[in-house]
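In what follows, a single structure is set out as structure tokens and then discussed.
Computed from the coordinates by the stated procedures, all read-outs in this text should not be read as laboratory data. The model shown is predicted, which means the values in this text are computed figures rather than measured ones. Every residue, glycine as well, gets a Cβ built from its backbone with ideal geometry; the counts of neighbours run over all protein chains shown.
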Amino acid sequence: MMNRLLSLRDSREAAARGARRSLRWQRALPRGRSLVTAVPYGWLLLFFLLPFLFVLQISFSEVEIASPPYRALVTRAEDALHIALNLGNFTYIFGDPLYFDAYLGSLRMAAVTTLICLLIGYPVAYTIARAPEAKRNTLLMLVMLPFWTSFLVRVYAWMGILDNEGLLNHLLLSLKLIDAPLALMHTQLSVQVVMVYAYLPFMILPLFSNLVKLDGRLLEAAADLGCKPWKSFLTVTLPLSKNGVIAGSMLVFIPAVGEFVIPELVGTPESLMIGKVLWMEFFDNNNWPMAAAVTIVMVALLLVPIVYLHKREEKSLARAAKH
């Protein structure tokens, strides 16, 4: 009887120790999750927020003939700290039509590029997503194949294609479709074509990752209910691929706004975009405060659609949760 009581007591103590050990592990898990999430937050803090704050500080400075070519915001004189915020850079930006035209031209070019990439990329992504699995990887590799080559090499290749003595003009002349070479280089059309080519994979890949997860039984159910293919696409496929459309559009629109290489190499001096303005302010004028102010305004313009889409997505999720 005594041995049974002792063994029962030992088992209870072992169970209590196991419960305490499990409780300690449960208390340690949130700290582990916090440590894991701290890595991306630390990365964003170190490589995005701190550089952005540094650029913001330069934008409120004054230009100076020195190295670095700007005057610091906080200065010390006679044992006192002086803080001087210079708003002249921002007032000059909003008062000079050159910057307004550059921002407007960049936004227009980025919007048209995004729209064309969406019109071309959606059918391509849909075709790849509906292709047999044996062919899907090959088609994806063909989409990603341009990334195996340097960006500059690809732009120079397009210069060889669109030049007056380039491949395209030679082909059209040999087919007797034209009598004289077409002026394709250094036009708005050449900039648009090369930008669409450069950013098209950034539209296709997010759309593919969204469309490949689409349940085909939904389309079969729509067809059984008498829905025509175009109507099932508009009512089933397109709404369910909304997140892929938004992600692809953001991946194309945001870098296209600040594009510098393509307009510089294949564009005209009249096609002034904000990337060229930044280059001129930094390297030609050596005016870092003005260049930083141009950058801050550009970032603010890009944050507006991002915040709007994020708020709209939150409202749609909250509405779906209520229903």
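Applying the Karplus relation 6.51 cos²θ - 1.76 cosθ + 1.60 with θ = phi - 60° to region 83-90 yields 3J(HN,Hα) values of 10, 10, 9, 9, 8, x, 5, 6 Hz, where x marks Gly and Pro.
The fewest-to-most ranking of W230, W158, W288 by surrounding Cβ atoms within 10 Å reads W230, W288, W158.
In order along region 104-118, the Karplus-derived 3J(HN,Hα) couplings, from 6.51 cos²θ - 1.76 cosθ + 1.60 at θ = phi - 60°, round to 5, x, 5, 5, 5, 5, 5, 5, 5, 4, 5, 5, 5, 4, 5 Hz, and Gly and Pro are given as x. Cβ crowding within 10 Å ranks E314, E62, E78, E264 as E78, E314, E62, E264, fewest other Cβ atoms first.
Taking amide H atoms as placed 1.01 Å from N in the peptide plane, the amide H of Y70 lies under 5 Å from those of E64, each 5 or more residues away in sequence or on another chain.
Remark: the chain carries a charge dipole of roughly 2820 debye about the Cα centre, counting +1 on each Lys and Arg Cβ and -1 on each Asp and Glu Cβ.
The 3J(HN,Hα) values that the Karplus relation (6.51, -1.76, 1.60; θ = phi - 60°) gives for region 218-229 are, in residue order, 5, 5, 5, 5, 5, 5, 5, 7, x, 7, 6, x Hz. Gly and Pro appear as x. Given (i) 1.23; (ii) 0.96; (iii) 1.15, which label gives Rg/Rh (Cα atoms, Kirkwood Rh) as computed from the coordinates? Recomputing Rg/Rh (Cα atoms, Kirkwood Rh) here gives the entry labelled (iii). Summed over qualifying helices (DSSP H, 4 residues or more, each -39500 (n - 2.57)) and divided by its residue number, the chain shows a 222 nm mean residue ellipticity of -23500 deg cm²/dmol. Bridgeable aspartates and glutamates around K322 (alpha carbons under 17 Å apart, same-chain partners fewer than 8 residues away excluded): E313, E314.
Beyond 28 Å in Cα-Cα separation lie the following of the pairs K135/K242; K276/K315; K135/K315; K231/K315: K276/K315; K135/K315.
Entry note, the chain: relative contact order of 24 percent, from Cα contacts under 8 Å with a spacing of 6+ residues.
Report, in whole Å, the centroid distance computed from the Cα atoms of region 114-155 and region 249-306. Using only Cα atoms, the two centres lie 27 Å from each other.
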